[in-house]
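Peer 1: Here it is: the structure, laid out below.
Each value in this text was obtained by applying a stated rule to the coordinates, not by laboratory testing. Remember, it's a predicted structure, so these values are computed and weren't measured experimentally. So basically every Cβ, Gly included, is an ideal-geometry build from the backbone, and we count neighbours across all protein chains shown.
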Amino acid sequence: MTPRPALVILAAGLSSRFGAAKQLEPVGPSGEAVLDYAIYDAARAGFSDMVLVIRPEMEGAFREHMDRLLGGPARLAYATQEVWNVPAGLEVPADRKKPWGTAHAILAAADYVQGPFAVANADDLYGTAAYALLAAHLTETAAAEIPEFALVGYRLDETLSPSGGVSRGICSVGEDDFVESAMEVRDIRREADRILGIAPDGTPHTLGGAELVSMNMWGFTPVIFPALEQQFTRFVLEHLTEPDAEFIIGDAVSTMVSDGQAKLKALRSEDEWAGLTYPDDKTRVTARLRELVSQGAYPDNLAAWFPAQRRDS
C-alpha cells in the first residue's frame, strides 16, 4: 500500500528583500501566516506528516507559532538547514551566512521522509488545487519504474511582483506535459509593455508572459535524496568560497532529467498564486486571503479549525 504523501515546507530563507521573517508574517484575518494555509490545504488534500525546514536560530519562534496554530501535538517535524552542513573534509568560510539553497534545504528533511513527498515554499500561497494535484500524482506514480517527479506550474505574468524583480524557473514542456528543460531567469519585471529578465549567462532575456513557470512546488520520491547528495558534493567543491552560491532544486532536477534518472511532469494549476517577496506584497496577499475567506475557501480562524478536526477524527 502506497503511504500517504508528506509535505516538506521550506522556511529557512533569510527574507532579505522582505526585511523581516516573512515565513511567520501575519497575513490572514486571525493573524495566520502563509505557511498555515499550506498546512491546511495539504491536510485537506490527504497529506500526512509535515516537515518544516528552518534555520536553527528560528526554531523557538516556529514552535511557538505552530503550537498556537495546531492546538497540541501534531505530525509535524522540524529539520534545520545548517550552513556548516557540507561534505566531510570541507570547511565553510567564516563569512558564509546565506543558506546553501533550496536543494540543500530539501536534503535537510531526508531523515524525516520515508515515502513520496511534496515541497512548497513557506511564503507562497499556491491555492487548494495545487495540493490536490500533487497528492493525486504522487499516489498514482509512486511505483513508476523511472521516477516521475512533478512541479505545479503557473503562468509567468500571473506571478510577477509590481514591487521589484523576481526569479522564476521558465519551463519548456513537451509531449504529455513532461518538462524537457527549465531555465532560471533572474530579476524578471515588467518594463512598459514588455517583460524582461536576466538569463543564466547574464544577458537580457525577453519573455512573453504565457510561459509556464515553476514556483518551487514539487512532488518527489525518496530516490531524489542520494542524487542530491552527489550533486551537492560536486557543487560545494566548485563553489565553496562563493558567499552567495546556492544549490537550486530546479537545477538539480534538470540534471536528473537530462541524465535519464527521472521524468518531470508539469501539473497546471488554475488557482491564483500569491506570495511574499517585497514588503508591499503583504497588502496584496492579505487582500487575496480576505477574498478567499469570504468565498468560503478557508475558515476565518485556522487555529480554531485544527483542534476541532483532531477532536472529530
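Peer 1: Among the lysines, select those whose C-alpha is under 16 Å from the C-alpha of K282, and discard any that sit fewer than 8 residues away in the same chain.
Peer 2: Partners within reach: K22.
Peer 1: What's the local net charge at V166, with K and R +1, D and E -1, over the other residues with C-beta under 9 Å away?
Peer 2: It works out to a net charge of +2.
Peer 1: Given a cut-off of under 8 Å on Cα pairs at least six residues apart, what relative contact order in percent is computed for the range 127-241? The partial results should precede the final answer.
Peer 2: Working: 161 pairs, mean separation 31.9, N = 115.
Averaging sequence separation for qualifying contacts and normalising by length gives 28 percent for the range 127-241.
Peer 1: Only one of the listed values, [x] 20.0; [y] 22.2; [z] 19.3, was derived from the coordinates as Kirkwood radius over Cα pairs in Å; which label is it?
Peer 2: Among [x] 20.0; [y] 22.2; [z] 19.3, the one derived from this structure is [x].
Peer 1: Give me a comma-separated list of calculated 3J(HN,Hα) values for the range 9-25, in order, Karplus coefficients 6.51, -1.76, 1.60 applied at θ = phi - 60°, integers in Hz, x for any Gly or Pro.
Peer 2: Karplus-based 3J(HN,Hα) across the range 9-25 equals 10, 8, 9, 9, x, 7, 6, 5, 6, 7, x, 7, 6, 5, 4, 10, 5 Hz.
Peer 1: Here's another thing I want to ask about it. Given +1 on the Cβ of Lys and Arg, -1 on the Cβ of Asp and Glu, and no further charges, what dipole in debye does the range 6-312 carry about its Cα centre, rounded to the nearest 20?
Peer 2: 660 debye
Peer 1: Largest first and in whole Å, what are the equivalent-ellipsoid semi-axes of the range 88-164 based on the Cα gyration tensor, each being the root of 5 times an eigenvalue? Intermediate results must be reported in sequence, preceding the final value.
Peer 2: Numbers: eigenvalues 152, 108, 21 Å².
Over the Cα atoms of the range 88-164, the ellipsoid semi-axes are 28, 23, 10 Å.
Peer 1: Moving to a separate point now. How high is the relative contact order of the chain? Use alpha-carbon pairs under 8 Å, at least six apart in sequence, and give a whole percent.
Peer 2: Taking the mean separation of contacting Cα pairs over the length of the chain, I get 25 percent.
Peer 1: Could you work out the helix-only [θ] at 222 nm for the chain, with each DSSP H run of four or more residues adding -39,500 (n - 2.57) and the total divided by the number of residues, to the nearest 500 deg cm²/dmol?
Peer 2: About -9500 deg cm²/dmol.
Peer 1: Local charge sum around Y154 (other residues, Cβ-Cβ under 13 Å, Lys/Arg +1, Asp/Glu -1)?
Peer 2: Local net charge: -4.
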